[in-house]
Amino acid sequence: MREYLNGNEAVAHAVRLARAEVVAAYPITPQSTIVEEIAAQIARGEMEAEYIRVESEHAALAACFGAAVSGSRVFTATSSQGLAYMFEMLHYVSGARIPMVMAVANRGLAAPWTIWADHQDSVSCRDTGWIQLYVETAQEALDTCLQAYKIAEDPRVLTPVMLCLDGYVLSHTEEILDIPSQEDVDRFLPPYRPQVLVDTRRPVVFGVGAGPDIYPSFKKAQQEAMERAKEVIKRVDEEFYAFFGRRYGGLVEEYRCHDAEVVLVTLGAITGTAREVVDSLRREGAKVGVLRLRALRPFPVEDLRESVKSARVVAVLDRNCSFGYEGVVCTEVKAALFGLKQPPSVIGFVAGLGGQDIRKENIEGIFRSCFNSDV
Amino acid sequence: MDYLATKYLRPRKIPSTACSGCGLGQIHKKVVKAIDELGLDVGDVVWGTGIGCAGRQTFATWKGDNFAGTHGRVYALATGLRIALPPNKKIILTVGDGDAFGIGFNHLLNCARRNVDLTVIVCDNLGYMSTGGQYGWTTPEGYRTDSSPYGMWEPNWMQGGRDVLNILREAGATFLARHTSIEGQEAVESIKKAILNKGFSLVHMPYPCVTNFAERALGSRRPAVMYKWFKERTVKLNERVDEKALGDIYFRTGIYYDASNSRPEFAEALRNRVAEIQRRFR
């Protein structure tokens, strides 16, 4: 079925198709319409789920945690300050290995106050033990949401997934979407069967204390699960392709990178603009490409190295900043390429903070400055 | 421009970014009028704001010092500021219902318990109107909002024998009042008393939201419909009414509780206590 919907509505449809059973949320722009649409779907009888309006984002994630340990498939969504307020629960959920999906409609953080798109909110949560997938289109938001449940619930992974979509640019912008049928989704994503759950007949303990003797083993297990998630993310993307005819490259999505001398690394929606610029520069004969990181965690070290093999320069466009250093993705890319025999130079660009438009001219300027740099 | 606005507010911020028909300006003006009638100067007041309609529309309008808090946390920020500021400076907070009675309620209650010298003006548009009109903590039972299209079904802080002001009184607040924004000088007088109380004061001020609340709940964006609704539901505390006949939410207005200056104020008590302990070591 084809419909004209925005990114938030796309996510709401995916949550319905995934048969999420408990949704808890607190309103925040630009996320609110995701959970509103979910509530409307429940009201219309299109979705069988419990929807709880809670008193804060911290409580939203806490409620999802509670529902998930009893074996429910859960969902929440937030943005910016809301995500920041969830920070304590982010670690709690990932540490307890609760597979859940949360949509983050990316928005800058205060102060100063802003409601517009940048990636500072989710990038700041890079180290919370959540898988982070960044999408480029509303269609990909829908598709990735379905994939995310399958990834999170995989027994080898058991790690929550943050589905990051740029505020407004994706959350509030309509495109024509293909909405999969419930039958197909049910075959792709079977019901969640937790290995351990709160069941009054077989008592278990969640949120245990761990002394220095065993705490590291929990953390090591988390790290190993993240490493395994790399393969799972790729495999789920391929499986999705077999079912629905769409795929997104697994961990990274290349565009004209195979012989590119300059590769621009991006996250999220800006990639579409970058592709246009690549096409126009290619017509002039410039060998340029764009590599979109779909996953920021786990970080796709091997895929990244492979994709920039021919590059002399790797430019990184960051819609965030680690103050006192540089854009976070730039640091990650440098670290991933360190140790190669002839590594390309990496040049970072921070742009588009707080919703500032990144225009074609800006990206063209990035490419040109990379060609002109004597590195 | 209005004399009060010229004297106390930043011209660049007036008129505010409120939707047309919004009742928030009525509250804003009453607060400034109360400040004026108390003879306070721009330098005597530090003005804090939360998030949402109230936060956005009143933020940085004050000619003097302003600060904006994170959602629900402005009471905690103000507590810190109270300790640092000279005791004669006033702290006035204009916040929303979601900020005060929802996400920030814990901090608000603890400010009341400590009796921190703050004047909190809760500008209540009956839900989360700036995010599109979701139901909140004071949304009347049965009313439609964006997130309660079949009517508000959760218990609120206002009906069913509950009153948020009673909770605050139990928590230790020393001045509590309620007025709707459509009231006149009596509301200004209450705000003046609130400011003069050296302790935790809160004035709960429901006001009309034409754009989101009225559209969903009353089926009209005509300001007259929304204002009539408010007028019919604004009832003085001592006024005798047939409550059954009202059969709906109504706002009992007036001073609920005035124990001004009856309990030690937090920052002052803290300073005295520390001084006393330090004396023991001298």
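Taking the conditions exactly as written (within 14 Å of chain B (Cβ to nearest Cβ), out of contact with any Cys (no Cβ under 7 Å at 6 or more places or on another chain) and of a type in the set (Val, Ile, Thr)), does A:THR137 satisfy them or not?
Answer is no for this residue.
What is the number of the single condition among (1) within 14 Å of another protein chain (Cβ to nearest Cβ); (2) in contact with a helix residue (DSSP H, G or I) (Cβ under 7 Å, 6 or more places away or on another chain); (3) buried (at least 24 other Cβ atoms within 10 Å of the Cβ) that B:LEU168 does not meet?
(1)
For segment A:70-80, how many residues meet the condition of being surrounded by fewer than 20 Cβ atoms within 10 Å (Cβ to Cβ) and either part of a helix (DSSP H, G or I) or on the phi > 0 side of the Ramachandran plot (or both)?
Counting residues in segment A:70-80 that are surrounded by fewer than 20 Cβ atoms within 10 Å (Cβ to Cβ) and either part of a helix (DSSP H, G or I) or on the phi > 0 side of the Ramachandran plot (or both) gives 1.
Would you be able to say whether some residue in segment B:40-60 is at pLDDT 95 or above and out of contact with any Gly (no Cβ under 9 Å at 6 or more places or on another chain)?
Looking for residues that are at pLDDT 95 or above and out of contact with any Gly (no Cβ under 9 Å at 6 or more places or on another chain), one finds at least one in segment B:40-60, hence yes.
Residues to consider are B:THR61, B:THR70; find the one that is under 19 Å from the mean Cα position of the chain (by Cα) and touching a residue at least 40 places away in the same chain (Cβ under 8 Å). It would help to see each step written out before you state the result.
Details: B:THR70 fails: touching a residue at least 40 places away in the same chain (Cβ under 8 Å).
One residue alone meets the criteria, B:THR61.
Which one is farthest from B:SER20 (Cα to Cα), of the residues in segment B:103-125 that are surrounded by 24 or more Cβ atoms within 10 Å (Cβ to Cβ) and within 14 Å of chain A (Cβ to nearest Cβ)?
The residue in question is B:LEU108.
Could you figure out which of (1) away from chain A (no Cβ under 14 Å); (2) closer than 27 Å to A:ILE28 by Cα; (3) in contact (Cβ under 8 Å) with a residue 40 or more places away in the chain; (4) not in a loop (DSSP other than H, G, I, E, B) isn't true of B:ALA177?
(2)
Pull up segment A:133-180, narrow it to residues that are surrounded by 24 or more Cβ atoms within 10 Å (Cβ to Cβ) and of a type in the set (S, T, N, Q), then point me to the one that is nearest to A:VAL35 (Cα to Cα).
Of everything passing the filter in segment A:133-180, A:SER171 is nearest to A:VAL35 (Cα to Cα).
Considering (1) out of contact with any strand residue (DSSP E or B) (no Cβ under 7 Å at 6 or more places or on another chain); (2) polar (S, T, N, Q); (3) more than 12 Å from every other protein chain (Cβ to nearest Cβ), say which one B:SER148 fails and leave the rest.
(3)
Residues that are on the phi > 0 side of the Ramachandran plot, at pLDDT 95 or above and out of contact with any Leu (no Cβ under 7 Å at 6 or more places or on another chain): does segment A:306-324 have at least one?
There is at least one residue in segment A:306-324 that is on the phi > 0 side of the Ramachandran plot, at pLDDT 95 or above and out of contact with any Leu (no Cβ under 7 Å at 6 or more places or on another chain).
Can you find a residue that is within 29 Å of B:GLY104 (Cα to Cα) and either within 14 Å of chain B (Cβ to nearest Cβ) or of a type in the set (Lys, Arg) (or both) anywhere in segment A:87-99?
For segment A:87-99, residues within 29 Å of B:GLY104 (Cα to Cα) and either within 14 Å of chain B (Cβ to nearest Cβ) or of a type in the set (Lys, Arg) (or both): present.
Quick one: is A:ARG201 basic (Lys, Arg), touching a residue at least 24 places away in the same chain (Cβ under 8 Å) and over 20 Å from A:GLY268 (Cα atoms)?
For A:ARG201, the condition - basic (Lys, Arg), touching a residue at least 24 places away in the same chain (Cβ under 8 Å) and over 20 Å from A:GLY268 (Cα atoms) - is not met.
Among the listed residues A:ARG53, A:ARG107, A:ARG97, A:ARG19, identify the single one that is of a type in the set (Lys, Arg), in contact (Cβ under 8 Å) with a residue 12 or more places away in the chain and crowded, with 24+ Cβ neighbours inside 10 Å.
A:ARG107
What's the number of the condition B:GLY72 fails, among (1) in contact with an Asp or Glu (Cβ under 6 Å, 6 or more places away or on another chain); (2) modelled with pLDDT of 95 or more?
Failed condition: (2).
Does B:THR70 satisfy the criteria of being among the hydroxyl-bearing types (Ser, Thr, Tyr), crowded, with 24+ Cβ neighbours inside 10 Å and not in a helix (DSSP H, G or I)?
no
Would you pick out the residues in segment A:28-37 that are more than 10 Å from every other protein chain (Cβ to nearest Cβ) and either of a type in the set (D, E, K, R) or more than 13 Å from A:VAL104 (Cβ to Cβ) (or both)?
Step one: of segment A:28-37, the residues more than 10 Å from every other protein chain (Cβ to nearest Cβ) are A:34, A:37.
The answer is A:GLU37, and nothing else.
Take A:ALA67 and decide whether it is more than 10 Å from chain B (Cβ to nearest Cβ), closer than 29 Å to B:GLY69 by Cα and either of a type in the set (A, V, I, L, M, F, W, C) or not in a strand (DSSP E or B) (or both).
The answer is no for A:ALA67.
Exactly one of these conditions fails for B:VAL74: (1) more than 14 Å from chain A (Cβ to nearest Cβ); (2) closer than 24 Å to B:GLN26 by Cβ; (3) of a type outside the set (Ser, Thr, Tyr). Give me its number.
Of everything listed in (1) more than 14 Å from chain A (Cβ to nearest Cβ); (2) closer than 24 Å to B:GLN26 by Cβ; (3) of a type outside the set (Ser, Thr, Tyr), B:VAL74 misses just condition (1).
Among the numbered conditions (1) closer than 26 Å to B:THR119 by Cα; (2) assigned to a helix (DSSP H, G or I); (3) in contact with a strand residue (DSSP E or B) (Cβ under 7 Å, 6 or more places away or on another chain), tell me where B:ALA269 comes up short.
Every condition holds for B:ALA269 apart from (3).
Going through A:GLU239, A:GLU261, A:GLU253, A:GLU276 one at a time, which residue ends up being among the acidic types (Asp, Glu) and within 16 Å of A:ALA295 (Cα to Cα)? Break it down stepwise before answering.
Numbers: A:GLU239 fails: within 16 Å of A:ALA295 (Cα to Cα); A:GLU261 fails: within 16 Å of A:ALA295 (Cα to Cα); A:GLU276 fails: within 16 Å of A:ALA295 (Cα to Cα).
Just a single option satisfies the conditions, and that option is A:GLU253.
Out of the residues in segment A:106-134 that are among the charged types (D, E, K, R) and touching a helix residue (DSSP H, G or I) at 6+ places or on another chain (Cβ under 8 Å), state the one that is farthest from the other protein chains (Cβ to nearest Cβ).
So the residue we want is A:ARG126.
Out of B:ASP97, B:ASP36, B:ASP2, I need the residue that is at pLDDT 95 or above and in contact with a Lys or Arg (Cβ under 8 Å, 6 or more places away or on another chain). Which one?
When all the criteria are applied, what remains is B:ASP36.
In contact with a Gly (Cβ under 6 Å, 6 or more places away or on another chain) and assigned to a helix (DSSP H, G or I): is that true of B:LEU81 in this structure?
no
Here are some conditions: (1) without any contact (Cβ under 8 Å) to a residue 12 or more places away in the chain; (2) surrounded by 14 or more Cβ atoms within 10 Å (Cβ to Cβ); (3) of a type outside the set (S, T, N, Q). A:GLU306 meets all but one. Which one does it not meet?
Checking A:GLU306 against (1) without any contact (Cβ under 8 Å) to a residue 12 or more places away in the chain; (2) surrounded by 14 or more Cβ atoms within 10 Å (Cβ to Cβ); (3) of a type outside the set (S, T, N, Q), the one that fails is (2).
Can you report the number of residues in segment A:29-48 which are surrounded by 20 or more Cβ atoms within 10 Å (Cβ to Cβ) and closer than 22 Å to B:PRO155 by Cα?
The qualifying residues number 5.
Which of the numbered conditions does B:THR6 fail, given that it passes all the others? Conditions: (1) on the phi < 0 side of the Ramachandran plot; (2) outside any helix (DSSP H, G or I).
Of the numbered conditions (1) on the phi < 0 side of the Ramachandran plot; (2) outside any helix (DSSP H, G or I), the odd one out for B:THR6 is (2).
The values are calculated or read from the model by the stated rules, or taken from the named source; none is laboratory data. Note that the structure is predicted; figures quoted are calculated from it, not measured. A quick note on method: Cβ atoms are made from the backbone with ideal geometry, for glycine too, and the neighbour counts reach across all protein chains shown.
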